[in-house]
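Derivation of every value follows stated rules applied to the coordinates shown; laboratory data play no part. Since this is a predicted model, take the numbers as computed values, not measurements. Counting neighbours? That spans all protein chains shown, and the Cβs are built from the backbone with ideal geometry, glycine included.
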Amino acid sequence: MVDCHVGDVSGFGLCEVVRENEAGQGVKLFLFIVDDRPEVRDKAMAAGTDVMVLKSPEAAEIVNIVHKEFSRDSQEK
């Protein structure tokens, strides 16, 4: 899961880097976007995004849940 705008990092650019790396070919990329215009969706698809999620209060909840799960999993290892 990647946010389209993460501080100084571009979510689009991060998706491109993942896709350029052979190990990233099998990674499913979810990109959270605030702008649902077709040109933004086109840019996300060109960057290698699999799924785009329009940011909303519900989307923020999803990010928090996934973050907790990954944190818990890494602590259990």
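Going residue by residue through region 65-73, is there one that turns out to be without any contact (Cβ under 8 Å) to a residue 40 or more places away in the chain, surrounded by 12 or more Cβ atoms within 10 Å (Cβ to Cβ), of a type outside the set (Asp, Glu) and not in a loop (DSSP other than H, G, I, E, B)? Within region 65-73, none of the residues are without any contact (Cβ under 8 Å) to a residue 40 or more places away in the chain, surrounded by 12 or more Cβ atoms within 10 Å (Cβ to Cβ), of a type outside the set (Asp, Glu) and not in a loop (DSSP other than H, G, I, E, B). Within region 21-30, the residues that satisfy the criterion of being in contact with an Asp or Glu (Cβ under 8 Å, 6 or more places away or on another chain) and surrounded by 10 or more Cβ atoms within 10 Å (Cβ to Cβ) are 29, 30. The residues of region 13-39 that are of a type in the set (A, V, I, L, M), in contact (Cβ under 8 Å) with a residue 12 or more places away in the chain, out of contact with any helix residue (DSSP H, G or I) (no Cβ under 8 Å at 6 or more places or on another chain) and in a helix (DSSP H, G or I) amount to a single one, 14. So which residues in region 14-71 are acidic (Asp, Glu) and over 16 Å from residue 4 (Cα atoms)? If the condition is that a residue be acidic (Asp, Glu) and over 16 Å from residue 4 (Cα atoms), then 20, 22, 58, 61, 69 are the ones that fit.
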